[in-house]
Amino acid sequence: MKTGMLESHRRVRMTSQHAITSRGSRSPLKLAVFLLRLGWAVLVLAAVCLAWLALFLFFAPFIVFSKLGGLRKRIVPKLETSCSAADTAYLRTDEIPGTATQTSDVPLIFDRRHDISKLFGCNTRGVRYRWTLFADRLENLRREVRQPVALDFGAGSLRDSYELIKQDFSVISFDLNETLMRRYFDSYDWSRLRSTPKLAAGKLSDLQEQERPIHLVIAFDVIEHLPDPSTYVRALSQLLGEGGLLFAIVPNRRSLFERYFKRSLRRTMKRGIPLEPGVPHIQFKSPAEWDRFFQTNGFSIVEHDMTIGHFVNDWWNGLLCLPLRAFVTPVMQILSLRGHFDFDAGRWEQRFCPEWLMEEVNLADVLLKRRLSDFFGWNLIVARKHSIASEEAVRSTCA
């Protein structure tokens, strides 16, 4: 029995030593791999710095000319007060990201509560983009309909639902993630408004009989996340009343960011990593392809504009920030964990694309928009539901 126990202890000792030896043999390999990644990150960072210098020298004459010639005052339209006012306070001061709302296990993804509503614009890539094509039609709807009803499809953080209620719309907020949507709902001070949105989740067909007529559907940054967008867009068309409008914001597959997202999606699927529903972009279309998509799914295009300019989006943020994001940021995150220092990836990228510089580069985008619009980052689309006659015409054409 004692001999058996000694043999057992010997085996345990040998197993432990083997585990230690294995860990030791793996550690040098891990270290070698990390050093290779570190070296590559240094080379990429050097290349990004050189690219930044080349871009700055390329745009410097234009920046100097625009400063001396007062170019900004001539080509940038004056914004309506209502657009800038949308940036002001609408949250309870004690319910802001980073305090009580962050205690839940559900992360607050796509948090836009402190940003301007996308009915009026967006602050991204270091530029304060503003547009009026949606606001103009909101005003028309308020004049034509006594109590307009809007559906915020993919409501997310409810930022646009909040703004629609401020614009005297009755709002239905629909999202696949009901738990997250309710967390956002609790973070607003709805007492400032005449009503609150009706929260809905699940199937759009559940709204078909209850909420008619709906005069407006907004779908901002949501359709590109859907595995079967045609089914949803056709359902939205059926929910709308005769002549109802759809406001949509969808990305342009020609931009560097969308090319990067598409490549990342392929790698993720190749590795068999499950996708988190509603998070990655899985639909990639050009401006013309988006037009055809909406036209074949129950809508006619009323107006199509482009925003987030080619120079700002691709030449600067894409060309500089994407290599940092892919090769440098992961290494910096490891170093920050080992070295116990803070590393903010967003601020890291902003240093290469500061706001003052991006606002100047945006002027070049504005000047050359007619030539470069097909390469701008986002599609802003206003579409109208097909009338019964036009639907029959489309069906006969397809037949």
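The values are calculated or read from the model by the stated rules, or taken from the named source; none is laboratory data. Computed from a predicted structure; not experimentally measured. Glycine gets a Cβ as well: all are built from the backbone with ideal geometry, and neighbour counts include every protein chain shown. Quick note on the areas: whole protein, heavy atoms, side chains included, nothing else; ligands and nucleic acids left out. Shrake-Rupley method; radii C 1.70, N 1.55, O 1.52, S 1.80 Å.
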Most to least accessible of Asp168, Asp291 (protein chains only, probe 1.4 Å): Asp168, Asp291
Nearest 0.05, what FRET efficiency do Glu144 and Gln350 give at R0 = 35 Å with Cβ-Cβ as r? 0.25
Per-residue HN-Hα couplings for region 49-64, Karplus 6.51 cos²θ - 1.76 cosθ + 1.60 at θ = phi - 60°, whole Hz, x for Gly and Pro? 5, 5, 5, 4, 5, 5, 5, 5, 5, 5, 8, 4, x, 5, 4, 5
Any chance you could run the full-extension gain for Val302 through Leu372? It's 0.36 nm times the residue separation minus the Cα-Cα distance, nm to one decimal. 23.1 nm
Two-site FRET efficiency, Leu275 against Ser205, from Cβ-Cβ distance with R₀ of 30 Å, rounded to 0.05: 0.80
Which order do the peptides 197-203, 139-145, 37-43 come out in when sorted by mean C-beta neighbours inside 10 angstrom, highest first? 197-203, 37-43, 139-145
Using a 1.4 Å probe, how large is the accessible area of Trp356, given in Å² and rounded to the nearest 10? 150 Å²
Take the Cα of Asp115, step 7 Å along the line toward its Cβ, and report every residue of region 150-190 whose backbone nitrogen sits under 14 Å from that point. 155-161
Could you order Met332, Met269 so the one with the most accessible surface comes first? Probe is 1.4 Å. Met269, Met332
On the Cα set of region 125-233, report Rg and Dmax in Å, please. 14.2, 43
Would you please calculate the Kirkwood hydrodynamic radius of region 221-294 over all C-alpha pairs and express it in Å, rounded to one decimal? 13.6 Å
Sequence-distant or interchain residues sharing an amide H contact under 5 Å with Val302, placed H: which? Val382, Ala383, Arg384
Quick one: which residues, 5+ away or cross-chain, put their amide H under 5 Å from the amide H of Val171? H built at 1.01 Å from N. Ala150, Lys198
Whose amide H sits under 5 Å from the amide H of Thr124, counting only residues 5 or more places off or on another chain, with H placed in the peptide plane? Tyr129
Using the Karplus curve 6.51 cos²θ - 1.76 cosθ + 1.60 with θ = phi - 60°, what ³J(HN,Hα) values do you get for each residue of region 280-294, in whole Hz, with x for Gly and Pro? x, 6, 10, 10, 10, 9, 7, x, 5, 5, 5, 4, 5, 4, 5
What distance in nm separates the two pseudo spin-label positions at Ala51 and Glu242, each 7 Å out from Cα along the beta-carbon direction? 5.4 nm
